[in-house]
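Read through the structure below, which is laid out as structure tokens, and then see the notes.
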Amino acid sequence: MPQIILENLTKEFHLKIKKPGAHGWKSLFQNEKKIISAVDQISFTVDKGETVALIGPNGAGKSTIIKMLTGILFPTSGTASVAGFSPWQERQKMAFKIGTVFGQKSQLSFHLPAIDSFRLFGRIYELDDAVYEKRLQELVTIFNVQEFLGQPLRKLSLGQRMRCEIIASLLHNPEIIFLDEPTIGLDVVAKRELRDVLRSLNKQWNTTIFLTSHDTGDIEALCKRTIIINYGKMIYDDLTQNLQRKYITIKRIYVRFEDKLEGFQMQDVTILNIGRYGVSLEVDTSKRNIRSVLEEIIRKYSIVDINIEDPSLEEIISNIYQKANE
Amino acid sequence: MNNWYKKLKKYQEIIRISNNEMFASPGNFIGRIVIFCLRISLFGIIYPYVFKSSNLTSINGISVIQIVWSLALVQIIYQFSRKTYQDIRDEIMSGQIETKLNKPYSFLNFVFVDAMGKMPIQAIIYAVTIVLLLGTVFGIPHFTFVQIIGLIILFILGVILFTLNMILLAICAFWMENPDPVYWIIGKLSWFVNGTFIPLAILPASFRTIATYFPFSAPFFLGRIFEISTLTGISQLIIIQLIWIVVFAFIIKYLYRLGIKKVSINGG
């Protein structure tokens, strides 16, 4: 049975429109209202142990979905079930089964050492002392935070703080962990460490991971499945590797020649760059077969090296967003 | 039983953390005590001067020492839970509330216990401050046994009620962009009838009647301990406070249930 079920989940926000400048006072007496459909009839399921990325451009509705699934926001219509509970009707019961990390908001006390907040979380999640100590030791080892456990949170770096945030959300061994932009603001090393840890959590405890991120590195490193939403609507739900397969119609070819290049020309191929001994090409595979391009190059020129690349996931996703907007 | 014990420990830990946070920046805490001392010192200078220049020994049977003490007692209540209003308001307005709504506890219980948890230590510190400051300058006024017991009960219920007042005003942020105007209006209106600057004992009877039944002045009843000193009178004040506590608790719970559905948190 799926661990997360969404059926036609919809969330509308009623926004007050204020007149600009000196006319702002008019809003005291009459308010123009605008209804924004942040999430529009979204349905999908997530099985236990799955790693799912929910992505989309700013304002697409990703965070709204996570906040509804964690019981923070009430939907306008539709239903959802998380670990067998209705998030907004059985919020407290469900909270024992889930962990949450919001990259932009801290759940730990800013002035106290992380260890104090961990102890509070242990009590909040009603853990027995022995269970809490054992779990804390495991997580402290995995996340390598021993040396700064006793320092006030405000004195930690963003990466150290984020590791502490994740420990706090994992203390009660949740079945599902929701992460809303967990790597935001982290440097390359901290990002890699965090992804490694999350991956090992998924393997070791079969924890379901459901994350939103703007960083395609998170998606490639962590998530086997990707859901893309735009303007509150779902536009893609498939394996992450299929995302590349399905949407890659562009190939880039980098060729180095033995002899000096003169008057290079090719039909139905975009020439990105020409050097004295090399060329960069872009081939739209829907217009011309990559094989025929390679055959032509090999036939006409003496080649030293050839390299064929797919566009990055970031470019693919960016194209999907653009197509959806069109 | 085990379940209840775990829930109890949960709130016990919240109290421990809230006390730790209170002392995490000792400068702030000491600063608040210094301002408190300055405020009551000011009363201790102004009122004796007014009495002396008017050749008065008492007004409505209340001596100048009792006046200064009653003003200081009212000031004590202000030291509790005012930050509760700011914290809840900011959490709702900034969306930080989301980090509490996804935890296995009631948000209202959490903020209430968090505020009340600081009461015992703060109460001792402020009581000692008042006794040292006013006791050495003016002396300690005579308290009957009934007044002492009444004072303790009125203080505890007063802090509870003041905390509920603050929570109620703060959760207006679910509906308003900023509930500060409501907070300021009610706060300043309360000054006239809760004895913040002028003890109720020296005000006209009509003011005192309003003060007795105005919900936002009920937390400050301990300032009336010299004016209403009989067992019957103090019992009436206690009953009024209890009634308001129940009323406020119901209103807060009801409004919170409505308000929580209106939470709007912008995404990332």
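The set of residues in the range B:145-160 being in contact with a helix residue (DSSP H, G or I) (Cβ under 6 Å, 6 or more places away or on another chain) and over 24 Å from B:Phe112 (Cα atoms) consists of B:Val146 alone.
For A:Ile306, the criteria (1) in contact with a Leu (Cβ under 8 Å, 6 or more places away or on another chain); (2) surrounded by 14 or more Cβ atoms within 10 Å (Cβ to Cβ); (3) of a type outside the set (D, E, K, R) hold in every case but one, which is (2). Take A:Ala80 and tell me if it is more than 9 Å from chain B (Cβ to nearest Cβ) and at pLDDT 95 or above. Yes: the conditions hold for A:Ala80. When residues in the range B:76-91 are screened for being among the hydroxyl-bearing types (Ser, Thr, Tyr), buried (at least 18 other Cβ atoms within 10 Å of the Cβ) and in a helix (DSSP H, G or I), 2 of them pass. Considering the range B:194-224, the residues that are of a type in the set (Ser, Thr, Tyr) and not in a loop (DSSP other than H, G, I, E, B) include one that is surrounded by the fewest Cβ atoms within 10 Å (Cβ to Cβ), namely B:Ser206. Taking (1) part of a helix (DSSP H, G or I); (2) within 30 Å of A:Leu179 (Cα to Cα) in turn, B:Trp191 satisfies each apart from (2).
If you go through the range A:193-226 and keep only what is of a type in the set (S, T, N, Q) and either surrounded by fewer than 19 Cβ atoms within 10 Å (Cβ to Cβ) or over 13 Å from the mean Cα position of the chain (by Cα) (or both), you end up with A:Ser200, A:Asn202, A:Gln204, A:Asn206, A:Thr207, A:Thr208. Based on what the data block shows, is A:Leu243 of a type in the set (A, V, I, L, M) and within 10 Å of the chain's Cα centre (by Cα)? No.
Filtering the range A:154-188 to residues that are among the charged types (D, E, K, R) and within 11 Å of another protein chain (Cβ to nearest Cβ) leaves A:Arg154, A:Glu165, A:Asp180, A:Glu181. State all residues of the range A:55-74 that are surrounded by fewer than 24 Cβ atoms within 10 Å (Cβ to Cβ) and either on the phi > 0 side of the Ramachandran plot or in contact with a helix residue (DSSP H, G or I) (Cβ under 7 Å, 6 or more places away or on another chain) (or both); if no residue qualifies, say none. Within the range A:55-74, A:Pro57, A:Gly59, A:Phe74 qualify.
How many residues does the range B:92-110 hold that are within 18 Å of B:Glu13 (Cβ to Cβ), within 7 Å of another protein chain (Cβ to nearest Cβ) and part of a helix (DSSP H, G or I)? Residues in the range B:92-110 being within 18 Å of B:Glu13 (Cβ to Cβ), within 7 Å of another protein chain (Cβ to nearest Cβ) and part of a helix (DSSP H, G or I): 1 in total. Any chance the range A:66-74 includes a residue that's more than 17 Å from the chain's Cα centre (by Cα), aromatic (Phe, Trp, Tyr), modelled with pLDDT of 85 or more and not in a strand (DSSP E or B)? Yes, the range A:66-74 contains at least one residue that is more than 17 Å from the chain's Cα centre (by Cα), aromatic (Phe, Trp, Tyr), modelled with pLDDT of 85 or more and not in a strand (DSSP E or B).
Exactly one residue out of A:Asn319, A:Asn289, A:Asn242, A:Asn325 is at negative phi, touching a helix residue (DSSP H, G or I) at 6+ places or on another chain (Cβ under 7 Å) and at pLDDT below 90, and it is A:Asn319. Counting only helices (runs of 4 or more DSSP H) that fall entirely inside the range A:88-158 and contain at least 2 residues that are of a type in the set (Asp, Glu) and either crowded, with 19+ Cβ neighbours inside 10 Å or assigned by TED's automatic domain parsing to the domain that holds A:Thr70 (or both), the qualifying elements are A:129-143. Only one entry of A:Ile235, A:Ile229, A:Ile248 meets the criterion of being surrounded by fewer than 17 Cβ atoms within 10 Å (Cβ to Cβ), among the hydrophobic types (A, V, I, L, M, F, W, C) and closer than 23 Å to A:Ile5 by Cβ, and that entry is A:Ile235.
The values are calculated or read from the model by the stated rules, or taken from the named source; none is laboratory data. All figures in this text were calculated on a predicted structure; none of them were measured in a lab. Note that we place each Cβ from the backbone using ideal geometry, even for glycine, and neighbour counts take in every protein chain shown.
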